[in-house]
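Participant: Please read through the structure below; I'll follow up with questions.
We did not get these values from a lab; they are worked out from the coordinates using the rules stated. Just so you know, these numbers come straight off a predicted model, no measurement behind them. Cβ placement follows ideal geometry from the backbone for every residue including glycine, while neighbour counts extend to all protein chains displayed.
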Amino acid sequence: MRPARRIRLFVARRPLVYWLLVAAVALATASLVLTRLVALDEARRQWGRSRTVLVARHELRPGDLVGASDVRAARWPEGLVPDGVLDRLDRPTVVAAAVEAGEPLLVTRLGRAGAGPVASRLPPGTRGVTIPTGDMPLPVAPGDRVDLVGAGPAAPPRAAATHALVLGAGKSTIVVAVRADELADVATVLAGGSYVVALDADPPAGTG
C-alpha cells in the first residue's frame, strides 16, 4: 500500500487527528494572512503620512554655499523620505556632493559645519594637499578622483596616493584629499618634482 493511502486511511479512522490537522492548517493560514495585512497596513500608513523635507531650488555643486534661499520646504510621503534628509537649515553650509534641483538635501551631501569651503569637504581621515599640474593640467573637476604616481628616473614608479578626491581645480594646480597615511609619501613625491597625476575611474573600496 502506498504511503499516501496509508496516511489517508489513518486519518479517516481517527476523526480527532483529522480535525487537529484541519485546525493547524487554518491557524497557519490565518497567521500568514494577518502578517500580510499588518505589513500592508503599515505601508498604507507610511504612504498616507507625510513629513517636511528640504529640497534644492536649483542645482547645487560641490563648493557652493547653500542657504535658506537655495532650498524650499516640501511635504513628502514618509515612504519616499530617504535617511539623513534635512527638514531645516540652521546656517549656511558648503555643499560636498552635487545636488540636483528638486532633490532632497541630505546630511551626507553637505560638508562639516563651521569649516571653510575646502576643509568642510574633506572626508574624515584625510588631508588637503595642493598639487602643481604644470602647463598641461589634467582636465579634472571637483568630485573626480586621481592617483599620484612618483615617476623619477632614480627609482621605479610608485603610487604615493590613490583614489584622491579632487576638491578644487585651477589653471595650474589641483587640491586633493589624500589619506593621512599617504601624506608622507605624497610630500616626498611632490618635493622630488617628478610625478604623474592620473585620472582614476575606479571608486575606492566601500563607496561603490
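Participant: Could you grab the relative contact order for region 50-109? Cα pairs under 8 Å, six or more apart, rounded to a whole percent. Walk me through the intermediate numbers first.
Facilitator: Values: 123 pairs, mean separation 28.8, N = 60.
In percent, rounded to a whole number, it is 48.
Participant: Can I ask one more? From Cα pairs below 8 angstrom and at least 6 apart in sequence, can you work out the relative contact order of region 127-175, rounded to a whole percent?
Facilitator: Values: 74 pairs, mean separation 23.0, N = 49.
The value is 47 percent.
Participant: Kindly identify region 122-200 as rounded, prolate or oblate by the Cα gyration tensor criterion: order the square roots of the eigenvalues as a ≥ b ≥ c, call it rounded if a/c is under 1.5, otherwise compare a/b with b/c, prolate if a/b is larger, else oblate.
Facilitator: On the way: a/c = 1.82, a/b = 1.17, b/c = 1.55.
Cα axes put region 122-200 in the oblate bin.
Participant: If you don't mind, there's one more thing I want to ask. Can you give the net charge of the other residues whose Cβ lies under 12 Å from the Cβ of A161, counting K and R as +1 and D and E as -1?
Facilitator: On the way: positive: R127, R145, R158, R179; negative: D147, D181, E182, D185, D200.
With Lys, Arg at +1 and Asp, Glu at -1, the net is -1.
Participant: Where Lys and Arg each count +1 and Asp and Glu each count -1, what net charge lies around G128 among other residues with Cβ under 13 Å from its Cβ? Write down the numbers at each step before the final one.
Facilitator: Details: positive: R112, R121, R127, R179; negative: E182.
My count for the surroundings of G128 gives +3.
Participant: Test of understanding: what is the full-extension gain from R127 to R36, defined as 0.36 nm times their sequence separation minus their Cα-Cα distance?
Facilitator: On the way: separation 91, 0.36 × 91 = 32.76 nm, distance 5.08 nm.
Working it through step by step, the gained length comes to 27.7 nm.
Participant: Still on this model: How many nm is it between the label spots at A68 and E103, if each spot is 7 Å from the Cα in line with the beta carbon?
Facilitator: 2.5
Participant: I need the peptides 61-74, 124-137 ranked by packing, meaning the mean over residues of other C-beta atoms within 10 angstrom, with the highest value on top. Write out the running numbers ahead of the final one.
Facilitator: On the way: 61-74: 15.0, 124-137: 13.3.
Taking the mean over residues of other Cβ atoms within 10 Å, the ranking is 61-74, 124-137.
Participant: While we're on this one: Starting from the Cα of S50, step 7 Å along the direction of its Cβ; do the same at T173; then give the gap between the two resulting points in nm.
Facilitator: 4.9
Participant: Then there's this: If I take R0 = 30 Å and measure r between the Cβ atoms of A187 and A141 in this structure, what FRET efficiency does the formula 1/(1 + (r/R0)^6) give, to the nearest 0.05?
Facilitator: Values: r = 25 Å, r/R0 = 0.83.
Efficiency, from the Cβ-Cβ distance: 0.75.
Participant: Follow-up question, since we're still on this one. Given a Förster distance of 41 angstrom, what is the FRET efficiency for L27 paired with R88, based on the Cβ-Cβ distance and rounded to 0.05? Spell out each step's value before the answer.
Facilitator: Values: r = 49 Å, r/R0 = 1.20.
The computed FRET efficiency comes out at 0.25.
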